[in-house]
Amino acid sequence: MSSIICKLSYRKLFSIFSFLILSEILLSQTGNFVVEGHRGARGLFAENTIEGFKQTLKLGVHVLEMDVVISKDMKVVVSHDQWFKKNICENVTGSKKKYYLYSMNYNEIRTFDCGSKHNKKFPQQKNFAAPKPLLSELLDSLEQFAKRENLPLPFYNIEIKSTKKGDGKIHPKVEVYTKLVYDEISNHHVVTRTNIQSFDVRPLEIMKQLNSNLSIALLSLNISGAKKSLKKLSFKPNTYSPLYLFTHKQTVNYCHENGLKIIPWTVNSPKKMLKMKSLGCNGIITDYPNIALKL
């Protein structure tokens with residue numbers, strides 16, 4: 001009986017501790033309004049690169065949004081796409097089928113430069129030679145960087161890019177994919193500073209089973225509305241993250257009435273940022289966190 005009580009007490013303390021850490025990080029930027037750097041801050045720096053994330057932290061951004069995929073040798077790689085895109089990476093020609101990361105070991109993946117090529121969509125973007133990093137490498141680098149620069153330890157918002165059609169083809173089965181990601185954040189002791197998000201509810205369900213205290217967000221286009229989207233999950237997530245174009249006052253109200261935070265994506269103009277703020281959103285995901293932090 002005493003061991004059961006100890007376990008219950010530990011779980012309760014862990015839950016409270018996690019909540020306090022998340023609250024402190026998320027409230028430390030602009031009052032109650034959270035600014036998340038999308039893929040680091042791809043409007044300013046090469047996306048999903050270690051150097052880009054470091055520079056984003058130096059701006060005063062504490063929440064770093066990123067994406068992860070899986071290599072052939074089961075490494076967790078920081079990348080928005082499941083393949084190398086020719087507008088982002090050097091020496092990419094022909095069909096994307098030739099460049100699926102799940103068909104390559106990481107030693108081959110890291111030979112591609114995905115930081116030097118300028119993204120024309122983002123005129124201010126600074127570029128530098130960089131491979132797609134391992135999640136483990138990125139976590140190690142950013143944790144050390146923050147401590148060395150006397151910056152707050154970052155909060156990681158990690159998107160799992162799984163789809164039912166992609167299972168076993170462009171990524172491993174969702175159970176394997178999800179466990180690989182969880183093991184990385186657990187081994188690096190950043191679970192209390194990590195949120196897992198996805199459009200696919202399956203990895204969110206699995207993550208909840210792996211750790212009931214882990215922060216979870218459901219990504220959505222929100223075309224059918226928050227209520228219908230959230231019904232796909234068997235539990236209430238911490239956050240609902242809809243496309244900003246379909247984020248309205250009733251969406252915000254529904255989330256708040258049901259105890260959820262709402263953080264739309266990807267909000268890049270000052271006008272739209274202010275609109276999301278005026279609607280009562282808890283924050284935004286943006287390519288230009290430097291602008292959002294000043295509003």
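Based on what the data block shows, is ASP81 modelled with pLDDT of 95 or more, under 13 Å from LEU138 (Cβ atoms) and surrounded by 15 or more Cβ atoms within 10 Å (Cβ to Cβ)? No.
Checked against the criteria, LYS294 counts as of a type outside the set (S, T, N, Q), at pLDDT 95 or above and over 21 Å from the mean Cα position of the chain (by Cα). In segment 231-247, the residues that are more than 19 Å from ASN157 (Cα to Cα) form Cβ pairs under 7 Å with partners that are at pLDDT below 95, at six or more places apart or across chains, as follows: PHE246/ASN222; PHE246/ILE223; THR247/ASN222. Would segment 90-107 turn up any residue that is touching a residue at least 40 places away in the same chain (Cβ under 8 Å), touching a Leu at 6+ places or on another chain (Cβ under 6 Å) and not charged (D, E, K, R)? No: segment 90-107 contains no residue that is touching a residue at least 40 places away in the same chain (Cβ under 8 Å), touching a Leu at 6+ places or on another chain (Cβ under 6 Å) and not charged (D, E, K, R). Restricting ASN119, ASN157 to those that are in a strand (DSSP E or B) and touching a residue at least 24 places away in the same chain (Cβ under 8 Å) reduces the list to ASN157.
Pick out the one residue from SER141, SER103, SER116 that is surrounded by fewer than 20 Cβ atoms within 10 Å (Cβ to Cβ) and closer than 27 Å to GLY283 by Cα. Within the list SER141, SER103, SER116, the selection yields SER141. Within segment 227-274, the set of residues being crowded, with 20+ Cβ neighbours inside 10 Å, over 20 Å from the mean Cα position of the chain (by Cα) and not hydrophobic (A, V, I, L, M, F, W, C) comprises just one member, THR251. Of all residue pairs spaced 6 or more apart or on separate chains, none has beta-carbon atoms under 8 Å together with a first member in segment 161-184 that is within 24 Å of LEU139 (Cβ to Cβ) and in a strand (DSSP E or B) and a second member that is at pLDDT below 95 and acidic (Asp, Glu). None of LYS75, LYS86, LYS96, LYS120 is over 19 Å from the mean Cα position of the chain (by Cα), charged (D, E, K, R) and closer than 19 Å to HIS171 by Cα except LYS96.
For (1) touching a residue at least 40 places away in the same chain (Cβ under 8 Å); (2) farther than 18 Å from PHE53 by Cα; (3) of a type outside the set (A, V, I, L, M, F, W, C), each residue gets a yes or a no:
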| residue | (1), (2), (3) |
| --- | --- |
| ASN253 | no, yes, yes |
| GLY259 | no, yes, yes |
| MET273 | no, yes, no |
| SER278 | no, yes, yes |
| ILE285 | yes, no, no |
| TYR288 | yes, no, yes |
| LEU293 | yes, no, no |
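The values are calculated or read from the model by the stated rules, or taken from the named source; none is laboratory data. Just so it is clear, the structure is predicted and the values come from calculations on it, not from any experiment. Reconstructed Cβ throughout: ideal geometry from the backbone, glycine too, with neighbour counts over all protein chains shown.
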